[in-house]
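Undergrad: Quick one: the structure is below, questions incoming.
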Amino acid sequence: MSETNPSPFHRGEQAIQTRLGVRERMERFGRQVIRGYLPDQHRNFYRALPYVFVGHADAAGWPWASVLAGEPGFMSTPDRQTLRIDVSPLPEDPLAQAIESGQPLGLLGIELHTRRRNRLSGRICRVTSSGLELRVDQTFGNCPQYIQGRDWAFRDRSRMPPSTRISFNRLDEAALNLIRESDTFFVASYVPHREGGPEQNVDVSHRGGRPGFVRTDHPTRLTIPDYLGNFHFNTLGNFVENPKAGLLFIDFDAGHLLMLTGRAEVLWNSPETTYFDGAERLWTFELDHGIWLKNALPIHWQPPDYSPNTLLTGTWDSADKKRQALERQQRWVPHQVVRVVEESDEIYSFYLQPEDGVISDFKPGQFLTLRAKAADHLQVRTYTVSSARHDMYYRISVKRDGVFSRYLHEQVSPGDWIEVKAPAGQFTLDTKDTRPAVLIAAGVGITPMVSMLRHAANEAIRTRHLRPITLIATARSNRERAFYHELTEIAEAWSEQIRIYWCLTQPGSESRLGRDYHFRGRLSARQLADWLPRDEAEFFLCGPGNFMQSTYDSLRRLGLPDEHIFAESFGPSALRRDAAKTVEMTVAAEEAIVSVVDASGRLVLEHPWLAADGSLLNFLENHGLAPPYGCRIGQCGSCRVNVVEGRAAHPQGAAISPTARGALLCCAKPAAHAEAAIPRLRLALPA
C-alpha cells in the first residue's frame, strides 16, 4: 500500500468488486487482513512448510507458476518483512532465469493436508548462494475452500530419474489426461508496471474442484469455473489488467509438472455457467506454449480427501448432463426405485434414480410428476421432492392416501421402474435471502420443508451464509411424524441459525413435553407469536387445506403482510387470501377457434371454444380427447402443450411464464387478440 493508493486492492480488483456489489465491504475488510509484513503465526507457518508455490513473469512477459520444495525449515524469516528461501529451482524451470534482485514474485504457502494457506507478494532483495531473500509487499491468509487434503512424503532422491524438459505449443494426450484427472491446479498472474502507477505485482493462487472441473475440448484451450471465494479477486482482477496466466498441473503420484502459459479471458455472462454446479462465472485459458518437467518434484502425495465445498460443485460432464436434462424437462424418463424407507406410520420415502443417471437441477420445494398404471388405469400424480439438489437421487415422501399412493406403498419395491418428469413448481426457498424464513408444516406437508432445510445447510457450507430458518411442524403423535431424526441432526449442526419446534395433537404416554415435543395441541396465533422471529420474515405453509387456512389467518391476525406468506397445497384447494389476486396473466377471450394437432402434425380437432367451456383441458375432454394431467391447478406442468398459433391466457400463479409459447391445459384459456374478433388457438399435443 502506497501513500498515493492506500487501498490494498489495485484497479482491476476494485473493478470486479464494484461490478459484484462488494467494493465497500471488501475495502473495509481488506484493510484489516491484508498486511505489509508477516505476523508471527505466518512466519511459523512458512518455516514448517516442505514446499511453496511461486509465480513470476519471464522476460517476454509470460507468467509461470512453479513449485519449490525442501526439508521443512528451508524457508525462514529473519524479520517480519523478509522471507529467506534456501533452495534453488531446477535449471529446466523458467523460474531459474528469474532469480535476480528486484524481480517480483508471488508466493502461495499451502499445507494441503491441513488446508491452511497464505498468499504473499514481494520482490527479490538479495540472491544468495543457496537461494534468495524476498522483501514482503503484501501478505494475507486464505480460507480452506476447495482445497483437497493430501498427506505427503519425500521421495528417495537417489532413486529418482533425472529431470527432463519437453517444450510444446499444443497439449498432447498425456497432458490432456493429467488435466482431466486433476482436482487441483495453480495459476500465476500479474499486473505490469505502468508509468505513474504501482510497481509490477505477481500473484499465484490455488484452484480446486472435482476431477473433470477443467474442460479440455481443444488442444490449446481450457475452460474453468470460478467458484464463490473471498471476494478479493486477485487472480481475476489481474486478468482485467493483464489477460495472461500461467497454469501449473501436478502429477501428484509421479512428481511431473505440467507448466502452461497463455492468455485468459473472464466469461461474465456465459449461459454455460447455469449448468455448472457451484460456478459463479467461467474463464478460459488459451495456451501459447508450455513445458513438461518430468521427475521434477521430490515429494509424493497420497490420494485426496475432498473438501466439503468441492463435493458441492460439478464437472463438465455433469454440466453437460444437466443441460441435456433441462432440454428434456417435458419428457417422461424412466427412473428406478433404488430404496424404500418407512418414515412414519403413514409416510414412505421412495429413492429414485433416472436410467441415465442425470439428476435434473431443481429448487428446494419443487415436485416431481410421476406416471404409472394404478388400479388398471394410467395415472399421473405429483409429489414434492424431499431430497436436496446435491444428492445423487430424487427422494419423494408419500402419505398412504389415495389410489396412486396405495399403489406406491403396496406394489412398488426396490428395482422397479416408474416414469418421471423433471422437477417443477414455484413453492421454493431462496437461500441467498438474508431475511429469516419460517417454515410451517402439518403431516406430509413436512416434505418440501426437509428439502429446503437440507439445501440451506449444504449451501451454507459452500457460501458461508445460512439464512435464519425456523421450522414449526405438527403431527398427531411421535409415530406419525416423519424425518424427526434427520431434522434434529440438521438443527443440532446449525443450532445458532436453525430452530425446530414440534407440535403434537395427541402425544402418547411415552412422549415427554420438552424432550420429544414443544407444544401439545393445535397451532394457534398465540403459540406462533412465541416462536416467530422478531425481524421481518417470509413464511412458507404446507399441509392440508384447513391447516394452511387457519395458519394463514393466524399470521394475518398477528399483522404479517399477505405478500410475505407463501403456500403449497395438495390438490385443487387454494388458500383464500385477504388480498386475492384475480388478474390473469393475459386477458382471456370470450370465444375462439381451437384446433389441435398430434405429434405428427395431423389435425385431430377443430372446434369453437366458448367461455362456458372453461379450461382447455375441460374443452378437450368434452370433445373426446384425453391429454395427460396431474394437479389440475396449474403447478405440476404435466398437461403442458406447445402453442403453434395464437396465445393462451393463464391465471396468476400458474407455473408458466406470461411470454411462454405453451399452455397448461388444466387452467389455460384462449387469449384475446386485439386485431381479431374471434382469435384462433392451435395446440400441438405431445407424443
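The values are calculated or read from the model by the stated rules, or taken from the named source; none is laboratory data. Model, not experiment: these values are computed from the prediction. Heads up, the Cβs are rebuilt from the backbone with ideal geometry, glycines too, and the neighbour counts pull from every protein chain shown. Note: accessible area is taken over every heavy atom of the protein model, side chains too, but ligands, DNA and RNA are not part of it. Shrake-Rupley method; radii C 1.70, N 1.55, O 1.52, S 1.80 Å.
Undergrad: What ³J(HN,Hα) values, in whole Hz, does the Karplus curve 6.51 cos²θ - 1.76 cosθ + 1.60 give for segment 7-23 when θ = phi - 60°, with x put for Gly and Pro?
TA: Computed from phi, the couplings for segment 7-23 are 5, x, 10, 8, 4, x, 4, 4, 4, 5, 4, 5, 4, 9, x, 10, 4 Hz.
Undergrad: Could you name the lysines whose alpha carbon sits less than 27 Å from that of LYS322, not counting residues in the same chain fewer than 8 places away?
TA: Partners found: LYS363, LYS421, LYS432.
Undergrad: Given a 1.4 Å probe and every protein chain left where it sits, what share in percent of the accessible area of segment 139-230 is carbon and sulfur?
TA: 48
Undergrad: To the nearest 0.05, what FRET efficiency results for ILE678 and GLU199 with a Förster distance of 56 Å applied to their C-beta separation?
TA: 0.15
Undergrad: What distance in nm lies between label points placed 7 Å from Cα along the C-beta direction at ALA96 and GLN353?
TA: 5.1
Undergrad: What part of the accessible area of segment 472-623, given as a whole %, is carbon or sulfur when the probe is 1.4 angstrom?
TA: Its accessible area is 48 percent carbon and sulfur atoms.
Undergrad: About the Cα centre of the chain, how large is the charge dipole given +1 on each Lys and Arg Cβ and -1 on each Asp and Glu Cβ? Please answer in debye to the nearest 20.
TA: 840
Undergrad: Efficiency by 1/(1 + (r/R0)^6): what FRET value for ARG661 and ARG339, r their Cβ-Cβ distance, R0 = 51 Å, to the nearest 0.05?
TA: E(calc), rounded to 0.05, equals 0.85.
Undergrad: Using a 1.4 angstrom probe, figure out how much accessible area segment 170-275 has per residue, in square angstrom, rounded to the nearest whole.
TA: Per-residue value: 36 Å².
Undergrad: Work out from phi, with θ = phi - 60° and the Karplus expression 6.51 cos²θ - 1.76 cosθ + 1.60, the ³J(HN,Hα) of each residue of segment 105-110, listed in order in whole Hz, and give x for Gly and Pro.
TA: These are the phi-based 3J(HN,Hα) values: 10, x, 10, 10, x, 8 Hz.
Undergrad: Along the charge dipole of the chain, Cβ charges K/R +1 and D/E -1, which of PHE350, PRO72, LEU532 sits furthest on the positive end?
TA: My answer, from the dipole projection, is LEU532.
Undergrad: How much length would be gained if the chain were fully extended between ASP79 and ALA626, taking 0.36 nm per residue of separation minus their Cα-Cα distance, in nm to one decimal?
TA: Full extension from ASP79 to ALA626 adds 188.7 nm.
Undergrad: Nearest 500 deg cm²/dmol is fine: what mean residue ellipticity at 222 nm does the chain get from its DSSP H runs of n ≥ 4 alone, each adding -39,500 (n - 2.57), divided by its residue count?
TA: -5000 deg cm²/dmol
Undergrad: Still on this structure, I have one more. When a/c reaches 1.5 or more, the comparison of a/b and b/c decides; with that in mind, is segment 325-388 rounded, prolate or oblate per its Cα gyration tensor?
TA: oblate
Undergrad: Using a 1.4 angstrom probe with every protein chain in place, what is the largest-first accessible-area order of HIS10, HIS289, HIS673?
TA: Highest to lowest solvent-accessible surface, that is HIS673, HIS289, HIS10.
Undergrad: Here's another thing I want to ask about it. Would segment 76-167 count as rounded, prolate or oblate if I go by the C-alpha gyration tensor, calling it rounded below 1.5 in a/c and otherwise prolate when a/b exceeds b/c, oblate otherwise?
TA: Oblate, since a/c reaches 1.5 and b/c is not below a/b.
Undergrad: Consider the candidate values [x] 93, 65, 54; [y] 151, 91, 71; [z] 96, 70, 45; state which one is Cα extents along the principal axes in Å computed from the structure displayed.
TA: [x]
Undergrad: Now a separate question. Could you tell me which residue out of TRP316, ILE299, GLN14 lies farthest along the dipole of the chain toward its positive end? Charges go on the beta carbon: Lys and Arg +1, Asp and Glu -1, centred on the Cα centre.
TA: The Cα lying farthest towards the positive end belongs to GLN14.
Undergrad: With r as the distance between the Cβ atoms of LEU605 and TYR393 and R0 = 41 Å, compute the FRET efficiency 1/(1 + (r/R0)^6) and round to 0.05.
TA: 0.55
Undergrad: Pull out a ≥ b ≥ c, the square roots of the eigenvalues of the alpha-carbon gyration tensor of segment 16-117, then state rounded if a/c is under 1.5, prolate if not and a/b is larger than b/c, and oblate in the remaining case.
TA: oblate
Undergrad: Could I ask something else about it? To the nearest 20 Debye, how big is the dipole of segment 433-486 about its Cα centre, given +1 on the beta carbon of each Lys and Arg and -1 on that of each Asp and Glu?
TA: Once rounded to the nearest 20, the dipole reads 60 debye.
Undergrad: About its Cα centre, how strong a charge dipole does segment 518-571 have in debye, to the nearest 20, once Lys and Arg get +1 and Asp and Glu get -1 at the Cβ?
TA: Dipole about the Cα centre, nearest 20: 400 debye.
Undergrad: Of all alpha-carbon pairs in segment 3-73, indicate the percentage at a distance above 19 angstrom.
TA: Value for segment 3-73 (Cα pairs over 19 Å): 60 percent.
Undergrad: For segment 384-435, which chymotrypsin sites (Phe, Trp or Tyr not before Pro) are both in a DSSP coil and crowded by at most 12 other Cβ atoms within 10 Å?
TA: Qualifying residues, ordered by number: none.
Undergrad: May I pose another question? So how much slack lies between ALA493 and THR505, counting 0.36 nm per residue of separation and subtracting their Cα-Cα distance, in nm?
TA: Length gained between ALA493 and THR505: 1.6 nm.
Undergrad: If one takes the longest principal axis of the Cα atoms in the chain, at what angle in degrees, from 0 to 90 and to the nearest 10, does the Cα axis of helix 316-327 lie?
TA: 20
Undergrad: Which one of THR139, HIS465, SER167 has its Cα pushed farthest toward the positive end of the charge dipole of the chain, where Lys and Arg give +1 and Asp and Glu give -1 at the Cβ?
TA: Ranked along the dipole, the leading option is HIS465.
Undergrad: Starting from the Cα of HIS218, step 7 Å along the direction of its Cβ; do the same at VAL22; then give the gap between the two resulting points in nm.
TA: 2.9
Undergrad: When the accessible area of segment 257-308 is computed with all protein chains present and a 1.4 Å probe, what percentage of it is carbon and sulfur?
TA: Of all accessible area on segment 257-308, carbon and sulfur atoms account for 45 percent.
Undergrad: How far is it, in nm, from the label point at ASP416 to the one at ARG522 when both lie 7 Å from their Cα along the line to the Cβ?
TA: The two pseudo-label positions are separated by 3.6 nm.
Undergrad: Run the numbers for LYS373 and TRP152: contour at 0.36 nm per residue of separation, minus the present Cα-Cα distance, in nm.
TA: Net length gain for the segment: 73.9 nm.
Undergrad: Let me ask something else about it. I'd like the Karplus ³J(HN,Hα) series for segment 400-409: coefficients 6.51, -1.76, 1.60, θ = phi - 60°, whole numbers in Hz, and an x wherever there's a Gly or Pro.
TA: Each residue's phi maps through the Karplus curve to give 6, 6, x, 4, 5, 5, 5, 4, 5, 5 Hz.
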